Amino acid sequence: MKRWSVLLAALLLPIPALALTGEEAMKKSQAAFLYPGKDFKARVLMKLINRDGQERVRELTMLRRNVGAPGGEQKYFMVFFKPNDVKDMSFMTYKYPAKDDDRWMFIPAVNMVKRIAAQDKRSSFVGSDFTYEDVSGRDIEDDSHAIEREEKVGGRDCYVVKSTPKTGDADFGHKLTWVDKANFLPLKEEQYDRKGARYKEFSADEVAEVKGFPTVVRRTMKNLQTGHRTEVGYSKTDYNLGIDDSLFSERFLRQPPRKWVD
């Protein structure tokens, strides 16, 4: 009888949660950060700030449409409004899992659509501290991921995940990402060069809930070597608008429909 009592007590104990791997944490983080909703729209204010505090401002509309499940194909479309030197410039990305993305930019000054080479994915996005790859996200499979530890950021419990490139095509040696254990948003990221020196830092400065989706509406990327930083704020943020797939075409790069970009 005593043996059955012990067995019953054991069965009633809570089942311990299975340990999360680094790759699983980063997949959940990518889904929460880059894939919420079927589509997404926001007005974006981007401030480029140098070491001396001088600012340049970019203003644009950003649209995103998921083609498949989280981690699958996506399409991005951006149209710039300010300042005058980038006014009416537009940018489009077709993001693919496990292969290079396709990127195009329309340059109104020369009335030309330019294809952005795959090797330029780590180049600066319109002079900011974000790269083209930062905008649409790096493929999870390009790196190895391991949970290094757990710690708090801004009072939030986080997994600290170390990601190391599998090949030498990245311009960083490794990076650390602080992933919120509750909603899996990346709250902080540090990038290290191949010598182990920290040179870039991302922070999620404000998170708001939009249509039930936790959303990073203010973020900053800092270049710790130059002292330059880029601050980005999202407004008029919305999800599941029914953005038509036909928008994401070279034709609309030249003349985006005002319905979606205003």
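We did not get these values from a lab; they are worked out from the coordinates using the rules stated. All of these numbers come straight from a predicted model, not from anything done at the bench. Cβ sites come from the backbone with ideal geometry, for glycine too, and all protein chains shown count toward neighbours.
Close amide H partners of Val126, meaning residues 5 or more places away or on another chain with modelled amide H under 5 Å apart, do not exist here.
The Rg/Rh ratio of segment 189-247, with Rg taken over Cα atoms and Rh as the Kirkwood radius over Cα pairs, comes to 1.15. If I take R0 = 45 Å and measure r between the Cβ atoms of Glu73 and Arg51 in this structure, what FRET efficiency does the formula 1/(1 + (r/R0)^6) give, to the nearest 0.05? Calculated value: 0.70. Quick one: angle between helix 2-12 and the longest Cα principal axis of the chain, in degrees between 0 and 90, rounded to 10, please. For 2-12 against the chain, the angle is about 10 degrees.
Taking 25 Å as R0, compute the FRET efficiency from the Cβ-Cβ separation of Ser144 and Ser123 and round it to 0.05.
Computed FRET efficiency for Ser144 and Ser123: 0.55.
Sorted by average packing, counted as other Cβ atoms within 10 angstrom per residue and highest first, what order do 24-36, 104-116 take?
Ranked by mean Cβ neighbours within 10 Å, highest first: 24-36, 104-116.
The alpha-carbon of Lys211 sits under 24 angstrom from the alpha-carbons of these lysines, leaving out residues fewer than 8 places away in its chain: Lys27, Lys28, Lys38, Lys41, Lys75, Lys181, Lys188, Lys236, Lys259.
Where only DSSP H runs of four or more residues are counted, the chain gives -4000 deg cm²/dmol as its mean residue ellipticity at 222 nm, each run worth -39500 (n - 2.57).
Can you give the angle from 0 to 90° between the axis of helix 22-34 and the longest principal axis of the chain, with both taken from C-alpha atoms, to the nearest 10? Tilt relative to the chain: about 40 degrees.
Backbone geometry of segment 145-160 corresponds, through the Karplus equation with coefficients 6.51, -1.76 and 1.60 at θ = phi - 60°, to 3J(HN,Hα) couplings of 10, 9, 6, 7, 5, 10, 7, 9, 10, x, x, 9, 6, 9, 7, 9 Hz, x marking Gly and Pro. Ellipsoid semi-axes for the chain, based on the Cα gyration tensor and the rule √(5λ), read 37, 22, 18 Å when sorted largest first.
Taking the empirical scaling 2.2 N^0.38 Å for compact globular proteins as reference, segment 15-71 has a Cα radius of gyration ratio of 1.73.
Extension gain for Glu209-Ala19 works out to 65.6 nm (0.36 nm per residue, less the C-alpha to C-alpha distance).
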